[in-house]
1. State all residues of the range 219-232 that are within 11 Å of ligand 2 (Cβ to nearest atom) and either surrounded by fewer than 22 Cβ atoms within 10 Å (Cβ to Cβ) or without any contact (Cβ under 8 Å) to a residue 60 or more places away in the chain (or both); if no residue qualifies, say none.
2. Of all residues being in contact (Cβ under 8 Å) with a residue 40 or more places away in the chain and part of a loop (DSSP other than H, G, I, E, B) in the range 415-432, which is nearest to Q293 (Cα to Cα)? Just the residue, please.
3. Within the range 297-333, count every residue that is crowded, with 24+ Cβ neighbours inside 10 Å and either within 13 Å of ligand 2 (Cβ to nearest atom) or in a loop (DSSP other than H, G, I, E, B) (or both).
4. For the range 389-422, which residues satisfy the criterion of being closer than 17 Å to V346 by Cα and charged (D, E, K, R)?
5. Give just the number: which of (1) under 24 Å from the mean Cα position of the chain (by Cα); (2) touching a residue at least 40 places away in the same chain (Cβ under 8 Å) does A177 not satisfy?
6. Of all residues in the range 161-211, how many are hydroxyl-bearing (S, T, Y) and touching a His at 6+ places or on another chain (Cβ under 9 Å)?
7. Specify which of the listed residues (I142, I134) is farther than 30 Å from A318 by Cβ and out of contact with any helix residue (DSSP H, G or I) (no Cβ under 6 Å at 6 or more places or on another chain).
8. Name the residue, out of G16, G12, that is of a type outside the set (D, E, K, R), surrounded by 16 or more Cβ atoms within 10 Å (Cβ to Cβ), within 16 Å of ligand 2 (Cβ to nearest atom) and not in a strand (DSSP E or B).
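What follows draws every value from the coordinates through simple rules; no lab data is involved. Bear in mind that the values here come from a model prediction, so they are computed numbers and not experimental data. Virtual Cβ from ideal backbone geometry, glycine too; neighbours counted across all protein chains shown.
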Amino acid sequence: MKIAVIGAGYVGLVTGVSLAEIGHRVTCIDVDHEKVAMMTKGYSPIYEPDLEVMMKRNLHYGRLDFTTSHQKAFEGVDVIYLAVGTPQLPDGTADLQYIDQAARTIGTSLQKGCIVVTKSTVPVGTNIRIKALIEEKSMNKIKIDIVSNPEFLREGSAVYDTFHGDRIVIGAENQEAAAVLERVNQPFNIPIYHTDLNSAEMIKYASNAFLATKISFINEISAICEKVGANVDDVALGMGKDRRIGEHFLKAGIGYGGSCFPKDTNALVQLAGNNQHDFKLLQSVIEVNHSQQTKLIEKTREAVGDLQGKRVALLGLAFKPNTDDMREAASIPIAHALKEQGANIVAYDPIAIQNAKQHLPQGICYEESLINALTGAEVALILTEWKEIKTLDLSHYIKWMASPIIIDGRNCYPLNVVEKYPIHYFSIGRPTVNRRSVSVSVN
Ligand code: UDX
Ligand code: UDX
């Protein structure tokens, strides 16, 4: 089918390239001229494993192209996907200005009816609004069908998740539209779950809110584990063996960031409030997450006392590994808190440094080499569990740091390994290890 995707960001670009990969003719539209020029040459503006090679392949076979012109992209189109950003407003509600802008553009540009698919995360009831806006703006009174097809892509594995998802949710107002979307997605060979528009929109918010709840729950358990001398990683493993609980999203750490969990949990609390329901549980999930992010500062002060003038290495800046995305990353509040307390910060990240510079305070020294970041540091805080950090031999902390003190926000190392080194090691929900008196030959 001929498909247009409006918005070539983390979600729209992966969606467009993947639809081309399964045989559709896809045009991705974006307002950002620089991005469009870059993608036309086969370069991805975002870091997503496997994306760029798939882009190049489909550009080569003529199944994919990029443009800033909606008119050109809509000629003879069968399906239009909406994947523009829906960031959160200061009051926590979703900012739908880009969705509305795209809907008006569809209304004024479309020559014949087609199916419009909302891929972006939007509050319940938005799809109906989009359809009305498009038909209101259409000069030649076209009729469109609207379908809600929320995404469940994790950044850093978005291409993998597109081809290996557990389900594709299709919310439609009639069988014909649902059948077309079933045909579009059939080559993914993933179970398709059909429902109505409002339920499909709610599935997205409820799924993200539940995953965020699991994370805040295990982070609360980690706080209790620290007090009673339990190991939260072992607790999570023991819990997760119960299929009703499931092993995923029970990793204690400094909390969740990213462009979705923070935005979608706030939006759902607002949506509930707008419908006279006080969503207390989800409000607690959000509060727990905020306090979790700055817990590392308390541990750092416990370890090294006053931070004034201390050289602090921040290891990992992106909100999670395998992405360059800094949106709501825990490193942002932590770096600001350290700076306010006079720390002298050196920051390492293998991919996200360029983006990090837009979010972190001035006066931070950035290092693309982990060893350079560690050199001379009096304490190291691990904020993102990059493979480069998880696989680093612990002897490097002793060899290069002024004092081998690690505050691990992502529990990168097993305690039975740490105990073999003269290191002072703090982590989340696990006993502290202080073996600095132990002598070990460090070559
Ligand atoms: C977005 C939403 O934020 C998320 O809630 C939803 O689940 C999926 O879509 P993301 O892809 O991360 O996620 O958004 P972003 O990275 O901001 O990309 C949006 C793209 O749309 C940008 O490339 C932007 O240039 C483009 N855009 C924005 C348009 O093409 N037209 C507009 O009017 C506005
Ligand atoms: C999430 C959802 O997983 C995805 O389905 C949705 O479409 C978009 O939002 P994403 O935010 O890209 O995806 O990444 P994810 O892997 O879910 O991690 C989100 C945050 O939670 C990260 O900051 C990560 O560090 C944190 N996290 C995740 C934990 O702290 N513990 C965990 O066990 C899992």
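1. Once the filter is applied, which keeps residues that are within 11 Å of ligand 2 (Cβ to nearest atom) and either surrounded by fewer than 22 Cβ atoms within 10 Å (Cβ to Cβ) or without any contact (Cβ under 8 Å) to a residue 60 or more places away in the chain (or both), the range 219-232 yields nothing.
2. Initially, the range 415-432 is screened for residues in contact (Cβ under 8 Å) with a residue 40 or more places away in the chain, giving 415, 424, 426, 428-431.
Now drop any that are not part of a loop (DSSP other than H, G, I, E, B), which leaves 428-431.
Numbers: I428: 11, G429: 14, R430: 17, P431: 19 Å.
Across the range 415-432, the extreme among qualifying residues is I428.
3. Qualifying residue count, the range 297-333: 9.
4. D408
5. (1)
6. Taking the range 161-211 and keeping what is hydroxyl-bearing (S, T, Y), we get 162, 193, 195, 199, 205, 207.
From what's left, touching a His at 6+ places or on another chain (Cβ under 9 Å): none.
Of the residues in the range 161-211, 0 are hydroxyl-bearing (S, T, Y) and touching a His at 6+ places or on another chain (Cβ under 9 Å).
7. Within the list I142, I134, the selection yields I142.
8. Working: G16 fails: within 16 Å of ligand 2 (Cβ to nearest atom).
From the options G16, G12, the qualifying one is G12.
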